[in-house]
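The values are calculated or read from the model by the stated rules, or taken from the named source; none is laboratory data. Only a predicted model underlies this, so the values are computations on that prediction, with no experimental measurement involved. Glycine also receives a Cβ, built like all others from the backbone with ideal geometry; neighbour counts cover every protein chain displayed. For the accessible areas, the whole protein counts, side chains as well, though only heavy atoms, and no ligand, DNA or RNA atoms are used. Shrake-Rupley method; radii C 1.70, N 1.55, O 1.52, S 1.80 Å.
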Amino acid sequence: KMAAAAGAAAAAGLWSEVNRCGQNGDFARALKSVNKILQINKDDVTALQCKVVCLIQNGNFKEALGVINTHTKVLTSDVIAFEKAYCEYRLNRIESALKTIQSASQQTDKLKELYGQVLYRLERYDDCLAAYRDLIRNSQDEYEEERKTNLSAVVAAQSTWEKVVPEDLGLREATYELCYNSACALIGQGKLNEAMKKLQKAEELCRQSLSEDSDVTEEDIEAELAIIHGQMAYIMQLQGRTEDALQLYNQIIKLKPTDVGLLAVIANNIITINKDQNVFDSKKKVKLTNAEGVEHKLSKKQLQAIEFNKALLAMYTNQADQCRKLSASLQSQSPEHLLPVLIQAAQLCREKQHAKAVGLLQDFADQHPANAAEIKLTMAQLKIAQGSVTKACMILRSIEELQHKPGMVSALVTMYSHEEDIDSAIEVFTQAIQWYQQHQASQTRGANPKSPVHLSLIREAANFKLKHGRKKEAISDLEELWKQNPKDVHTLAQLISAYSLVDPEKAKVLSKHLPSSDTMSLKVDVDALENSHGATYVRKKAGKLTGDNQQKEQGQGEVKKKKKKKKGKLPKNYDPKVTPDPERWLPMRERSYYRGRKKGKKKDQVGKGTQGSTTTGSSELDASRTASSPPTSPRPGSGAAVSATSNVIPPRHQKPAGAPATKKKQQQKKKKGAKGGW
């Protein structure tokens with residue numbers, strides 16, 4: 001009895017210690033006291049619960065879950081359901097946490113809060129939204145603001161990942177978290193300018209909120225603003241302002257934020273900006289996307305986008321095996337997704353294996369008919385790149401859901417025209433027109449009104465046939481158009497023009513339907529038209545005529561002034577007694593008396609013999625012996641060998657014997673081309 005009493009007294013003291021430590025937040029010391037209590041009574045339910053709570057508070061979730069699983073007989077699901085589910089949630093065992101919550105006999109408020117978080121992590125946004133609405137409706141405590149923030153986060157996720165138009169929840173955006181979530185919802189809707197304003201407001205509210213705390217430094221504020229700045233940079237990137245976005249992304253990375261999810265998203269976005277350029281920087285950024293815990297911070301679509309970009313980067317850096325490995329892994333995870341197959345096909349094309357790439361795409365199209373259209377468009381592009389335009393047309397025509405689309409019809413007609421296959425081009429028009437006829441007949445129950453697209457196709461078909469000389473085929477289309485709109489004068493004119501080449505009598509009959517010239521005449525103010533802005537001819541406004549001006553104007557009406565012709569300038573060396581050279585307009589080489597230039601004349605006359613000796617013709621080259629030579633030698637490159645006042649014409653510029661005189665101007669131009677002086 002005395003031993004039992006002593007043990008009870010010791011346990012009471014230990015419980016007092018546990019209570020005191022718990023109130024002070026010293027859970028490490030509290031855990032020691034709890035362990036001592038369990039040594040006295042290992043199946044004490046309260047002590048086991050306290051131990052689990054202490055371990056959770058210390059962040060030892062795995063050990064806490066181990067305690068729960070070891071003592072399942074004592075710690076039943078009714079007693080410890082929340083703690084067990086919370087440990088599983090923090091250990092990223094989300095599915096297990098959901099089962100634990102759902103198996104609890106009583107759904108407490110704590111379990112409902114955790115249930116909302118679990119649903120959000122599982123991306124079950126509709127159920128999550130309903131859970132938080134129920135919590136907000138039935139709870140009144142100091143955590144109401146946090147619940148509203150979580151509710152707005154769910155709405156933002158729906159808008160971003162499921163493209164659901166968010167409903168107005170009527171939340172007052174009094175905190176920066178609410179403003180941030182509202183901005184994310186606007187980004188999902190494509191309202192980028194509005195989203196940017198919301199983010200700027202969120203930044204302002206964040207600064208105000210954190211600056212009130214004296215312990216918060218500027219670095220702490222910048223770290224908290226990092227996620228807001230990341231979304232701002234993302235908006236800039238979507239708007240095409242890639243330089244601004246890149247600068248802001250790099251500023252955030254320099255801050256070294258602790259959020260690995262934020263760093264991974266920013267690194268991925270930088271890689272998308274770099275594309276096939278700056279691949280070394282991209283390879284560095286990829287390491288940030290491989291950080292531990294990233295997979296638990298991002299949504300499935302974000303993680304998938306990062307993996308796609310890794311495969312593309314491997315392709316751009318010529319890592320063919322790595323690219324194939326990543327794309328194959330992605331395809332096994334998402335067999336119906338297009339991108340892994342397209343990446344594999346692109347890699348094969350880089351290796352010049354176009355036929356294999358087309359075969360790969362064809363296999364995917366056969367296995368997934370729902371995505372066949374996009375795959376076949378890619379196949380057609382590959383065929384065009386190989387020069388197989390006709391095969392590309394066959395692939396495009398096999399896409400039944402796009403056959404009648406105006407864009408597809410236009411592309412096929414252009415390609416067939418390029419191949420000079422006019423019959424196939426007309427067949428494309430015919431099939432598209434028939435599709436619209438059948439489709440509209442089924443919708444209008446036998447009535448046959450033509451839609452604008454249908455009429456446009458008929459008109460384009462008629463114009464194409466007229467252009468390529470298929471008058472008879474074009475006439476039926478034009479008659480159909482005129483039947484739909486008898487007041488269409490343009491169509492009637494085309495029809496008459498076509499019939500005039502085939503059946504002139506029919507053209508005459510139809511021409512009676514043309515409006516008369518009287519009805520066609522328009523009342524036009526000619527003066528107003530001429531004086532209008534943009535007129536090619538503007539009549540000058542007549543001013544007031546007085547005195548002599550009036551007499552001049554009257555005189556101009558009687559006699560037209562004759563323009564005086566200016567006399568042409570004659571050459572300076574023109575001699576009226578000498579007949580001009582009839583070949584003076586021909587180049588020198590084409591004249592009958594041209595004998596070619598004598599090459600090597602200077603070499604024969606100058607520089608021969610021993611050093612210092614002169615040739616017999618040296619006196620002729622002495623400019624100082626001519627009376628008209630200038631007192632100083634000309635500057636090098638001037639080309640002026642003879643004074644302008646000299647009447648002496650050098651022998652090489654004299655007119656050949658028996659030939660008419662040439663222009664002196666031509667001779668001077670030739671002299672200017674020489675280097676140096678005489």
Relative packing of peptides 262-268, 301-307 - highest average C-beta neighbours within 10 Å first:
262-268, 301-307
Test item: Cα-centred dipole of the stretch 114-153, Lys/Arg +1 and Asp/Glu -1 on Cβ, debye
140 debye
Residue-wise, which Karplus ³J(HN,Hα) couplings in Hz belong to the stretch 190-205, taking 6.51 cos²θ - 1.76 cosθ + 1.60, θ = phi - 60°, and x for glycine or proline?
x, 8, 6, 5, 5, 4, 5, 5, 5, 5, 5, 5, 4, 4, 4, 5
Can you order the peptides 25-34, 165-174 by their average number of other Cβ atoms within 10 Å per residue, highest first?
25-34, 165-174
Using amide H atoms built 1.01 Å from N in the peptide plane, name the residues 5+ places from N573, or on other chains, whose amide H lies under 5 Å from its own.
K664
Going by average Cβ neighbours within 10 Å, how do the peptides 97-105, 470-478 rank, with the highest at the top?
470-478, 97-105
Just reorder H71, H296, H490 by solvent-accessible area, largest first, 1.4 Å probe, all chains present.
H490, H296, H71
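Taking the Cβ of V164 as the center, what net charge do the other residues with Cβ under 13 Å away carry, scoring Lys and Arg +1 and Asp and Glu -1?
Numbers: positive: K163; negative: E123, D126, E162, E167.
Every neighbour counted, the sum reads -3.
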Can you run phi through the Karplus equation (6.51, -1.76, 1.60; θ = phi - 60°) for the stretch 316-324 and list ³J(HN,Hα) in whole Hz, with x for Gly and Pro?
5, 8, 6, 9, 4, 5, 5, 4, 5
With label points built 7 Å along Cα→Cβ from the Cα atoms of I253 and V453, find their separation and express it in nm.
4.5 nm
With θ set to phi - 60° and the Karplus curve 6.51 cos²θ - 1.76 cosθ + 1.60, what are the ³J(HN,Hα) couplings of the stretch 100-116 in order, to the nearest whole Hz, using x for Gly and Pro?
4, 5, 5, 7, 5, 6, 10, 8, 6, 4, 4, 5, 5, 4, 5, 4, x
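Tell me the net charge near H368. Cut-off is 12 Å between Cβ atoms, H368 excluded, with +1 for each Lys or Arg and -1 for each Asp or Glu. Please report the intermediate quantities before stating the final value.
Working: positive: K376; negative: E336, D363, D366, E374.
Charge balance near H368 sits at -3.
Could you calculate the contour length gain from V74 to K391, that is, 0.36 nm times the residue separation minus the distance between their Cα atoms, to one decimal place in nm? Don't jump to the answer; show the numbers that get you there.
Details: separation 317, 0.36 × 317 = 114.12 nm, distance 7.38 nm.
In short, 106.7 nm is gained.
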Using R₀ = 30 Å, calculate the FRET efficiency as 1/(1 + (r/R₀)^6) where r is the Cβ-Cβ separation of L501 and W435; round to 0.05.
0.50
Work out, step by step, the length gained on full extension between H354 and E530: first 0.36 nm times the residue separation, then minus their alpha carbon distance; give nm to one decimal.
57.1 nm
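Can you put Y234, Y180, Y574 in order of accessible area, largest first, using a 1.4 Å probe?
Values: Y234 80, Y180 40, Y574 105 Å².
Descending order: Y574, Y234, Y180.
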With a 1.4 Å probe and all protein chains left in place, how much accessible area per residue does the stretch 1-106 have, in Å²?
58 Å²
Would you rank W482, W15 by solvent-accessible area, highest first, keeping every protein chain in place and using a 1.4 Å probe?
W15, W482
Shape category assigned to the stretch 1-106 from the gyration tensor of Cα positions, a/c cut at 1.5:
prolate
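Provide the gained length on full extension for the span K191 to E374, in nm with one decimal, where the gain is 0.36 nm per separating residue minus the Cα-Cα distance.
Details: separation 183, 0.36 × 183 = 65.88 nm, distance 2.77 nm.
Answer, rounded to one decimal: 63.1 nm.
Carbon and sulfur: what percent of the stretch 319-402's accessible surface (1.4 Å probe)? Show your work: numbers first, answer last.
On the way: 2380 of 4460 Å².
Here carbon and sulfur together make up 53 percent of the probe-accessible area.
List, in the order given, every pair from K254/K301; K356/K467; K73/K300; K198/K297; K191/K275 whose Cα-Cα distance in the structure shown is over 32 Å. Don't jump to the answer; show the numbers that get you there.
Numbers: K254/K301 26 Å; K356/K467 40 Å; K73/K300 38 Å; K198/K297 24 Å; K191/K275 26 Å.
With Cα atoms farther than 32 Å apart: K356/K467; K73/K300.
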Cβ under 13 Å from Q200's Cβ, Q200 left aside: what net charge do those residues give with Lys, Arg +1 and Asp, Glu -1?
0
